[in-house]
Structures are given as C-alpha cells and as structure tokens.
Amino acid sequence: MRPATPANGVGYTNTVRIGYARISTRAQDHQSQLDALDAADCREVVIETASTRGDRPKLRAVLNTLRPGDTLVVYKPDRIARSMKELLILLEDELHAREINLEILTGICAGVHRPNGQTIADKMLFMVAAMAAEMERELIKERTLDGLAAAEAQGRKGGRPAAGDSDTLAIALARRARGESVTTIARHLGIGRSTLYRALEPDSAEVPTPTHSQVSDPPKASRSSQCGF
C-alpha cells in the first residue's frame, strides 16, 4: 500500500511507468513508436491494435491498473486519443482525477506532464484540460437555459435538456467508449438518463465501468512540447 501523498503530489513510492502503444495494421511506421517505448524505462509496454470501431480495451485495462503517482508513457498523444477533445477529456477525467502522470516521448508536447506539478510547464496540459472541462459545463448550462427559455416562450415549461446537440453527443460517445455508465455520463452532462439512452441508441445498454479488482495486474518485471493531430 502506497503512503499518502502531500498536497503537491510529490512523495509517492513504488510508482510504476507503463508504456502504451497503439498500432495500425495499415501503418508501417510503428517500429519507431515501439523502440522509443522500449527505451523509456517502462515496467512493461502494452501494445494494442487499432480497431475500426475505435475500441481500446487494453488502454482501459492499463488505466485501471495505474495508481496515484504512476506514469502512463506514450509516443505521441494520438496514440491514446483520436481528437484533441478526447485527449482533454482523458486528461481531466482519467489522469488528473487520479493523480496519474503522462509522459509524451516526441513532438512539441514531449516531456512529463504532472497534474500536481510544481511548475506551469509540469502541469500545463492538465490546466488546459481543466479549463476545457469548465468551458464545456458552462456551454451545456447555457444551451440548457436557452432551450428552456425557448420552450417557455412557446408555452412549454420544465423538462430536461435534449441530448441531440452534436457537441454534447460527441462528449457522451467519447465517455461511453471509455466504459463509463450512462448514469454517470448523464449526471456529468446534466441531462436525463432516459434522454441520453435515446440519443445513444442503438448502443444504449448499461455497461459497468470495470474496477481494479476485475482487471488483472500486468506481469511484474524488474525496473531497470507536435501533438500528433
């Protein structure tokens, strides 16, 4: 069991570094990605083949094994996210919330990014993600109030906001793809669960988020800024 960490996030012991590589069967340049991860002093490197559906079960499993103070190591940001929006959601909801560091090995974002870093450079990506999340919530709130005002002007009162807005739906789909339940997503977005179910059809079945106990720990081994979009 790891000791408690001070407020600045420094002081964890027994932290681990896990590399994650996503490769495509069509790409021929993934060897440089694997070579860089092999040289990055990771406890292990997890390799996932990209699917046409965008599923990333191995990334989900890796995230569930990481603990506060650990570091997720990737070659470029596009290995863990298909868009800047998806990257910011992952930074804020997955890594920042659980005090997990992100190390990017190449490009203008290269370096270690710490959610509890002591300098602006250390935590810049996480600050941008937090700002984007706050802006997202404010925009959803504003659209909700505008929708309610428009409905009231037409003689309708009350009701929950619709989930048909393209930005809101994109956010819901991204969080859904990471294994979050419809209940959790609806609460975060401030919309009704049944409304969100309808918006996500036909993929509206509730899928529980896997817990650490449901994911096997990776085998232990001895320890020895172009964001690609």
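The numbers here are math on the coordinates, done by the rules we state, and not lab data. Keep in mind the model is a prediction, meaning the values are calculated, not measured. Positions of Cβ are generated from backbone atoms using ideal geometry, with glycine treated the same way; all protein chains shown enter the neighbour counts.
List of remarks:
- Translational diffusion coefficient of the stretch 17-128 (Stokes-Einstein, Kirkwood radius from Cα pairs, 37 °C, 0.692 mPa s): 232 µm²/s.
- Modelled FRET efficiency - R0 45 Å, ALA150 with ARG98, Cβ distances, 0.05 increments: 0.70
- FRET efficiency for the ALA39 to ASN14 pair, using the beta carbon distance and R₀ = 35 Å, is estimated at 0.95.
- Applying 1/(1 + (r/R0)^6) with r as the Cβ-Cβ distance of MET124 and TYR197 and R0 = 35 angstrom yields a FRET efficiency of 0.40.
- Extension gain for ILE108-LEU173 works out to 20.6 nm (0.36 nm per residue, less the C-alpha to C-alpha distance).
- In order along the stretch 60-69, the phi-based Karplus estimate (6.51 cos²θ - 1.76 cosθ + 1.60, θ = phi - 60°) of 3J(HN,Hα) comes to 4, 5, 4, 4, 6, 8, 6, 10, x, x Hz; Gly and Pro are listed as x.
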